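All remarks here apply to the structure that follows.
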Amino acid sequence: QKEVEQNSGPLSVPEGAIASLNCTYSDRGSQSFFWYRQYSGKSPELIMFIYSNGDKEDGRFTAQLNKASQYVSLLIRDSQPSDSATYLCAVNRDTGRRALTFGSGTRLQVQP
Amino acid sequence: EPEVTQTPSHQVTQMGQEVILRCVPISNHLYFYWYRQILGQKVEFLVSFYNNEISEKSEIFDDQFSVERPDGSNFTLKIRSTKLEDSAMYFCASSERIGRRLAGGVEQFFGPGTRLTVL
């Protein structure tokens, strides 16, 4: 069973702090890694993707990937109340298959 | 910015009835997908579609489900005889612009979803 695991939270951080969200995956064949944000009752919104080991930065977001440890994380700097949502980690084998396997998500609460 | 659109936003049906959920993927994308999310649970892959045929499907996507691209813009999911457990949000997604290198190009963009309620 190919699993993607996330702490369900809630992760509570004060406004302006760094939020750190973590994800582990079991399929060593995973090649592509995605972070989606999902507000309650809404659809997943793609915010970051990463394919190579290391860090990838986009504005206030940094994705980190360590394939040896089968670990991917998302850092949100200068957290805002509007960042309060559930963050979904998704992985893909990217070898002709395109199905995304999602984690159950981590709920982030940014306190004003 | 181009978006995936879905209709209806909410569908209520009786158990055993057929439903068709409709999606318009982003116009220059090549791959189309259906996912579902039962309330409070994970987003689950159902099926992917490329070049007018199914390219991949999950165990959930049994004989009760079918997909079709009836014209150049719409992509549909049909459930032939709905069950109570089919109640969920159904998301359509699309990926990969025409001409984009496939390596690293599997970012999928989701529509707003159709909430299906089976009574």
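Odds and ends about this structure:
- With respect to the conditions (1) touching a residue at least 40 places away in the same chain (Cβ under 8 Å); (2) under 26 Å from A:Ser104 (Cα atoms); (3) crowded, with 17+ Cβ neighbours inside 10 Å, B:Ser48 falls short on a single one, namely (1).
- Among residues of the range A:86-105, those that are open to solvent by less than 20 Å² (accessible area, probe 1.4 Å) and on the phi > 0 side of the Ramachandran plot, counted: 1
- Selected residue (criterion: surrounded by the most Cβ atoms within 10 Å (Cβ to Cβ)) from residues of the range B:1-32 that are hydroxyl-bearing (Ser, Thr, Tyr) and more than 19 Å from B:Ile79 (Cβ to Cβ): B:Tyr31
- Residues of the range B:96-111 include at least one that is in contact with a His (Cβ under 8 Å, 6 or more places away or on another chain) and open to solvent by less than 60 Å² (accessible area, probe 1.4 Å).
Listed here are the residues, each with its yes/no results for (1) within 14 Å of another protein chain (Cβ to nearest Cβ); (2) at pLDDT below 95.
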{"position": "A:Ala63", "(1), (2)": "yes, no"}
{"position": "A:Gln80", "(1), (2)": "no, no"}
{"position": "A:Ser84", "(1), (2)": "no, no"}
{"position": "A:Arg97", "(1), (2)": "yes, yes"}
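- Flag if A:Glu57 is touching a residue at least 40 places away in the same chain (Cβ under 8 Å) and either out of contact with any His (no Cβ under 8 Å at 6 or more places or on another chain) or within 11 Å of another protein chain (Cβ to nearest Cβ) (or both): no
- Highlighted here are the strands (runs of 3 or more DSSP E) found entirely within the range A:6-84 that include at least 2 residues which are at negative phi, open to solvent by 50 Å² or more (accessible area, probe 1.4 Å) and not charged (D, E, K, R): A:11-14, A:19-25, A:61-66.
- Here the range B:33-45 is the region considered, the condition is being more than 10 Å from chain A (Cβ to nearest Cβ) and part of a strand (DSSP E or B), and the residue that is surrounded by the fewest Cβ atoms within 10 Å (Cβ to Cβ) is B:Arg36.
- The set of residues in the range A:10-37 being among the polar types (S, T, N, Q) and under 11 Å from the mean Cα position of the chain (by Cα) consists of A:Ser20, A:Asn22, A:Thr24.
The values are calculated or read from the model by the stated rules, or taken from the named source; none is laboratory data. Owing to the predicted nature of the structure, the values given are computational and were not obtained by experimental measurement. Quick reminder, even Gly has a Cβ in these numbers, built from the backbone with ideal geometry, and neighbours come from all protein chains shown. Quick note on the areas: whole protein, heavy atoms, side chains included, nothing else; ligands and nucleic acids left out. Shrake-Rupley method; radii C 1.70, N 1.55, O 1.52, S 1.80 Å.
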